Amino acid sequence: MMRILLALILILLNPEKKEREVIVTKKMITVSGQTSIGGFSCDYSKAGLKDTLFIDFEGPTKEMVFDIPVHDFSCGNFLLNRDFRNTVKSDKFPTAKVKVQNLKSNYGHYTCDLSVTLVGKKLDFPSLVLKRVSEGLRANLVLSFDDLDLEAPKKMGGMIKVEERLSLEFTLGF
């Protein structure tokens, strides 16, 4: 009896992770921030995908790469869209890139190595925590304009200023 109990405890404390794949059918990215007169939010969403996401994969790293056209972000109206595109220099850098690799499950949450390339600058986020949400998996990042070598935009002679901090939310739906 004691051996059975010991075996059960060892199994529960050391669950074997199994490699698995899920099909990502939707990706969503939201960039949001604050200005001196209120908040803003610019969204990108693409549905109908059939990309494979590998979880707890052993061996050569499997990765998922998204190329995202900056012009496909919507900020609510054409003026905000234009300001967003100008700020992230979409004429010079028309696409952003997101790469997800080394996705691991860990007792109800997940981690991955995420890299984001925006305005020609690559930012790496090793062991980024992802949360399980009803839509799939979600990650939140906080960046500054300095991280991207950008200057926070100002309007109307500096009367309207964008705060230095930007929030990025990534959701992979399956």
- Message: Checking the condition basic (Lys, Arg), more than 25 Å from Lys26 (Cβ to Cβ) and without any contact (Cβ under 8 Å) to a residue 60 or more places away in the chain, which residue from Arg138, Arg82 passes?
- Response: Arg82
- Message: Any residue at all in segment 67-76 that's surrounded by 13 or more Cβ atoms within 10 Å (Cβ to Cβ), farther than 16 Å from Gly173 by Cβ and touching a residue at least 60 places away in the same chain (Cβ under 8 Å)?
- Response: no
- Does segment 68-81 contain any residue that is closer than 21 Å to Leu130 by Cα, in contact with a Ser or Thr (Cβ under 9 Å, 6 or more places away or on another chain) and modelled with pLDDT of 90 or more? yes
- Message: If Glu163 meets every condition in (1) surrounded by 15 or more Cβ atoms within 10 Å (Cβ to Cβ); (2) touching a residue at least 40 places away in the same chain (Cβ under 8 Å) apart from one, which number is that one?
- Response: (1)
- Query: Within segment 85-125, how many residues turn out to be loosely packed, with under 14 Cβ neighbours inside 10 Å, polar (S, T, N, Q) and not in a helix (DSSP H, G or I)?
  - Reply: 1
- Evaluate the following for Arg82: is it farther than 21 Å from Arg165 by Cβ and either basic (Lys, Arg) or not in a loop (DSSP other than H, G, I, E, B) (or both)? yes
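The values are calculated or read from the model by the stated rules, or taken from the named source; none is laboratory data. Model, not experiment: these values are computed from the prediction. Every residue, glycine as well, gets a Cβ built from its backbone with ideal geometry; the counts of neighbours run over all protein chains shown.
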